[in-house]
Amino acid sequence: MIILISLTTVLFAAGQREIKPDPVRTVTWWHPNSGLAGQATQAMVQAFNSTVGAEKNIRVEAVYQGKANDVLTKAKAILQSDSRRDLPDLAQLDGAAVLDIRDVDALIPMEDLALSDGYDLDAILEAARLSVTYKDKMIAMPFNSSTILLYYNKTAFDQGGIARAPRTLDELAVTAQALVQKDARGNVIRSGFANVPTTYELIAWLGQQNHLSYITDQENGHAGNPTRVLFHENGTMVNFLTKWKALYDTGALENLTSDRNGAFASGRTAMIVASTSNLTTILSMVGDRFEVGVANFPMVDEHATGGVNVGGGAIWAFDNGSGNRDAAWEFVKFASSGEQQLAWHIATGYFPIHRDTYSLPAFEEHIAKNPLFKVAIDQLMQSNPQLQGIWVPSAYQIYYAFQTGILKMLTENRSPEETSRALEAEINGYFAEYLRMQGQ
Amino acid sequence: MNRHWKHSLKPYLLILPALFLAGLFAYRPFVITLLNSLYTVSINGQRIAFVGLDNFRRLFVNESFQTSLSNTLRFTLYFVPVNVFICLSAALLSHREGKLATLNQICFFLPMAVGLSSAMMILKMIFNPFIGIVNQLLGISVEWFNNPNAAMALLVIAGVYLDIGIKFLLLHAALRNIPANLVEVATLEGANPLQLFKYLQLPLIAPTLVFVLATNIKDAMLISSPVLILTEGGPFRSTQTLVYQMYLEGFKSGNYAMGSAIATVVFFLTFLLLLALLQIERRRVYYQ
Amino acid sequence: MKSLKAILATILSLIIVFPIAYSLSASFFSWADFTAIPARLLPSQPTFENYIRAFRETNLEQFLLNSLITASLGMMLRMTISITAAYTFTFFNFKGRDILFILIVATMLLPSDTLLLANYTTIRALRLTDTYLGIISTSLLAPAHIFMLRQYFKTVSGEYREAAIIEGCSDTRFLTLLLIPISKAVVVTLAIHSFSTIFNDYLWPLLVTNKASMRTIQVGLTMLGFSENFDYGPQFAAITVLMTPVLVAFILMHKPIQESVSTRFTGR
């Protein structure tokens with residue numbers, strides 16, 4: 001009897017799968033947008049469903065899947081288990097996902113979808129388009145694009161008589177020193193600048209040197225699997241580390257790895273570098289405690305004119321056997337259009353990736369009222385569009401390798417040369433592991 | 001004849017589910033893990049080529065792994081005594097009569113009602129260095145997530161919080177199982193609380209204590225979920241533990257060979273530690 | 001001495017209870033309260049908005065349902081398997097009994113966390129990802145429980161069973177009508193433990209579920225994902241919703257819980 005009950009419950013459990021009957025074509029879109037971005041996502045989907053969607057009998061269903069990493073994990077799991085029908089039609093993934101996704105059979109390169117609809121790819125900002133280009137083909141649609149900025153406490157600047165934001169790392173060192181505040185016992189209560197370089201920041205700091213430098217071979221992984229790093233042999237890492245060490249030696253740098261927004265907003269540090277997508281949050285957190293200023297991401301030196309790269313995520317299309325390709329493309333076209341990108345930008349602070357947005361009167365109005373956003377946009381326009389992010393395996397481990405390596409250099413007094421070489425060895429090791437796993 | 005045959009088959013059938021599960025989810029994966037650690041494994045989980053101990057060789061020179069190993073052993077070293085001390089203190093201090101004592105006891109096993117991720121998220125918020133309540137209440141400004149030592153301490157705190165509920169219950173029950181007359185006699189003979197503990201309570205709760213120690217060691221060596229939610233291995237890998245690295249390599253990077261190698265190392269280390277514990281127990285613990 | 005113990009115990013218990021109390025208070029915080037510096041203990045203006053948002057913006061009920069179903073299902077199956085196995089090992093005499101018993105109990109030494117990758121591959125191959133069965137599969141075998149149950153059953157004399165069999169009582173009836181009622185305390189404890197182990201499991205359900213609709217509450221909670229902007233409110237509301245029934249149950253049932261944890265099975 002017990003066995004019978006157990007058996008029935010087992011069968012019941014095994015059969016618990018989702019069933020979805022559908023007359024209208026439903027396009028599923030997995031995304032990691034929460035908070036303000038989440039609301040903007042809902043708004044965009046609703047706008048589509050009630051206009052283009054209603055016309056063409058398409059319904060978009062946006063599913064929040066956790067952080068960008070989690071969306072990837074889910075997608076990967078399905079890809080590995082070879083059950084395509086479980087794939088979403090669209091997934092919003094970030095740079096760390098590229099390696100796992102770009103070569104899969106189930107991926108539909110966005111360029112194919114665009115060209116078959118007669119879409120003009122030049123309408124997309126070149127830097128954004130190149131950020132998702134692999135072997136000269138645009139394989140996804142840039143979506144939640146951002147770059148990095150220098151955020152500074154303008155009130156503190158005014159108090160310290162500092163007229164403008166630092167442009168280079170050398171200037172940063174000087175400015176930071178002037179902003180350090182100590183209490184009666186000599187403890188630092190406000191540091192000048194708080195940061196430990198992340199991969200994202202290093203892409204800019206290394207890549208911008210000499211107007212364009214590659215960090216790995218294969219054009220930073222955009223032309224094929226990277227086999228080795230170039231940042232040591234082309235000297236960009238040593239150059240950067242030397243400047244960074246000098247910054248640290250002034251005593252104004254705080255090695256803060258987490259919660260830099262909180263540190264800045266609470267006045268614990270006077271300057272940080274952070275993504276443009278943090279702007280709205282930081283402004284809300286700071287409130288009226290002090291005035292926030294933003295400036296271009298500091299250059300490593302006077303020759304580092306490459307600017308910054310476009311980071312953030314993109315929308316990828318999958319073939320899950322549902323025949324929804326065209327429907328999915330309709331939504332992607334909608335989401336990346338001039339007006340929608342404007343709405344998206346206003347709500348989230350992410351970059352409009354469509355050229356048309358920039359000439360909309362509503363856009364100019366918005367920028368006039370929010371000059372801080374203008375800084376980010378100008379910075380991107382001045383940057384070299386060839387400066388692209390790196391598509392590498394073991395992104396997590398590499399991130400930690402950079403952070404730990406740099407920390408060791410600063411606290412154990414290692415030389416930039418030594419550190420750069422060690423990083424080269426470690427990261428090349430990860431590349432080798434990856435290639436080995438491919439059977440090469 | 002037929003009935004006899006069916007009758008003697010019966011016990012085997014009854015334990016079949018358990019055996020099947022043991023085989024499918026314990027022994028088979030164990031063998032597979034061991035095997036995978038000796039091969040190069042493709043991103044789809046296929047064993048490509050036999051490489052013997054090569055994976056282990058590369059693993060042991062990997063700085064990240066050395067960090068994981070050191071972190072995990074250090075965590076075990078900190079966590080086990082601290083946890084035993086706190087849980088035992090909780091049990092001893094509330095081992096009295098009265099309504100207040102009952103209230104204390106309830107407080108001590110209440111954390112068991114808080115799920116793992118709930119507890120971790122609460123801790124993540126209250127230990128935030130800038131807007132968290134702990135720094136505020138204690139009047140300090142410890143960088144819980146940016147200072148390696150503080151982060152390790154936080155991990156220990158998290159571990160204790162997750163464990164105190166059940167361990168308190170076990171130790172509390174063990175104390176109560178000590179025959180009251182023994183306690184009376186000892187007290188009458190003039191034993192003070194310290195002597196009472198050392199010579200009467202400790203030996204008599206020793207078996208439970210050993211059980212607590214064994215599970216604590218096992219849990220500490222395998223710690224992963226708090227790392228995942230609270231610190232993600234940071235800062236600077238200072239809280240990266242073995243199982244967390246296994247998750248990163250095996251699951252995130254798809255490097256099954258390395259993940260399996262790490263799993264094998266964890267298994268053997270834990271096994272050795274527990275064996276050592278059992279040796280100590282054999283020599284020192286009294287059973288009734 | 002007594003009062004010193006009382007004072008220390010109370011201090012320690014307040015520290016232990018503090019995070020729980022704080023989360024209750026925080027569930028009524030507004031966003032400004034969370035990001036306030038200096039940090040606040042109590043909400044400035046208590047609001048129910050977090051609760052509303054938690055349920056409206058996420059699939060909280062679904063997560064909770066998934067957790068409850070998997071935990072209950074898992075508990076029932078686990079107890080069935082464990083009790084049946086323990087019973088068989090205690091009262092039957094068959095060839096290889098001791099070896100098979102050790103084989104099952106020895107799996108205690110193989111911590112499932114080290115076998116995660118291999119088990120995940122198995123579940124994937126069996127196409128059990130995103131199913132309740134997949135989630136509970138690795139928790140169905142409880143070697144420690146089988147061990148404890150057998151220890152306990154051994155104290156029941158084999159003569160009872162023989163007498164019952166002679167009287168025509170089947171094994172099943174003996175088990176359900178006699179043995180289990182006698183062992184109520186143990187069974188209840190192990191059942192509660194099984195339930196909470198499966199309910200609290202985090203890493204395994206994370207790996208095994210992809211669909212949002214199949215997520216358990218432990219995984220779902222961390223994905224409420226508002227922590228990037230310090231929008232912790234809905235998370236705390238969800239945590240409180242999750243905690244409260246269990247807390248209340250624990251407080252009300254504290255006596256049976258404490259008494260059921262006997263040391264019979266851990267050694268002494």
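We did not get these values from a lab; they are worked out from the coordinates using the rules stated. No experiment lies behind these values; they were computed from the predicted model shown. Note that we place each Cβ from the backbone using ideal geometry, even for glycine, and neighbour counts take in every protein chain shown.
Round to a whole angstrom and tell me the spacing of the C-alpha centers of region C:2-51 and region A:301-341.
Each part's Cα centre sits 44 Å from the other's.
Using the Karplus curve 6.51 cos²θ - 1.76 cosθ + 1.60 with θ = phi - 60°, work out ³J(HN,Hα) for each residue of region C:138-146 in order, rounded to whole Hz, and write x for Gly and Pro.
These are the phi-based 3J(HN,Hα) values: 6, 9, 6, 9, 10, x, 5, 5, 4 Hz.
Under unit Cβ charges (Lys, Arg +1; Asp, Glu -1), what dipole magnitude, rounded to 20 debye, does the protein assembly as shown have relative to its Cα centre?
4020
Can you tell me which of C:40-52, C:68-80 comes out highest on packing, and rank the rest after it, using the mean Cβ neighbours within 10 Å? Before the final figure, lay out the partial values.
Numbers: C:40-52: 14.8, C:68-80: 20.8.
Ranking, from highest mean packing down: C:68-80, C:40-52.
If you place +1 on the Cβ of every Lys and Arg, -1 on the Cβ of every Asp and Glu, and leave all else neutral, what size is the dipole of chain B about its Cα centre, to the nearest 20 Debye?
Numbers: 20 positive and 11 negative charges, 174 e Å.
In total the dipole reaches around 840 debye.
If you find the alpha carbon centre of region B:259-281 and of region A:255-278, how far apart are they in angstrom?
Cα centroid of region B:259-281 versus Cα centroid of region A:255-278: 42 Å apart.
Regarding the protein assembly as shown, what's the average projected area of the Cα-atom convex hull, expressed in nm²? Before the final figure, lay out each step's value.
On the way: hull surface 178.3 nm².
With the hull built on Cα positions only, its mean projection is 44.6 nm².
Give, as ranges by residue number, the residues of region A:31-49 whose backbone N falls under 20 Å from the point 7 Å along Cα→Cβ of residue C:30.
A:35-36
Could you tell me the ratio Rg/Rh of chain A? Both radii from Cα atoms, Rh via Kirkwood. Spell out each step's value before the answer.
Details: Rg = 23.5 Å, Rh = 23.4 Å.
When Rh is taken as the Kirkwood radius, the ratio is 1.01.
Taking Cα atoms of chain C, Rg/Rh with Kirkwood Rh, to two decimals? Before the final figure, lay out each step's value.
Values: Rg = 23.0 Å, Rh = 21.8 Å.
Rg/Rh: 1.06.
Rounded, prolate or oblate: which one fits chain B, using the alpha carbon gyration tensor with axes a ≥ b ≥ c (rounded when a/c is under 1.5, else prolate when a/b beats b/c, else oblate)? Show your work: numbers first, answer last.
Values: a/c = 2.08, a/b = 1.21, b/c = 1.73.
Cα axes put chain B in the oblate bin.
Just the Kirkwood number for region B:145-281, please: inverse of mean 1/r across all distinct Cα pairs, in Å, one decimal. Intermediate results must be reported in sequence, preceding the final value.
On the way: mean 1/r = 0.0567 Å⁻¹.
Kirkwood hydrodynamic radius for region B:145-281: 17.6 Å.
Rounded to a whole number, what is D in µm²/s for region A:286-358 from Stokes-Einstein with the Kirkwood radius over alpha-carbon pairs (4 °C, 1.567 mPa s)?
In µm²/s, the coefficient rounds to 81.
Tell me which residues come under 5 Å, amide H to amide H, from residue A:28 once H is placed; ignore anything under 5 positions away on its chain.
The list, which skips near neighbours in sequence, is A:61, A:89, A:90.
Using Cα springs under 10 Å in a Gaussian network model of chain B, which residue among B:166, B:133, B:15 shows the largest mean-square fluctuation?
Comparing B:166, B:133, B:15 in the GNM, the peak value goes to B:15.
Taking the Cα of residue A:187, stepping 7 Å toward and past its beta carbon, and measuring to each backbone N in region B:149-192: which are under 18 Å?
Correct set: B:149-151.
Among rounded, prolate and oblate, which fits region A:200-341 when a ≥ b ≥ c are the square roots of the eigenvalues of its C-alpha gyration tensor, a/c under 1.5 means rounded, and a/b larger than b/c means prolate? Write down the numbers at each step before the final one.
On the way: a/c = 2.59, a/b = 1.26, b/c = 2.06.
Here region A:200-341 falls in the oblate category.
Gain in length, residue A:50 to residue A:438, computed as 0.36 nm per residue apart minus the alpha-carbon separation, to one decimal in nm?
Working: separation 388, 0.36 × 388 = 139.68 nm, distance 4.53 nm.
Length difference between fully extended and current span is 135.2 nm.
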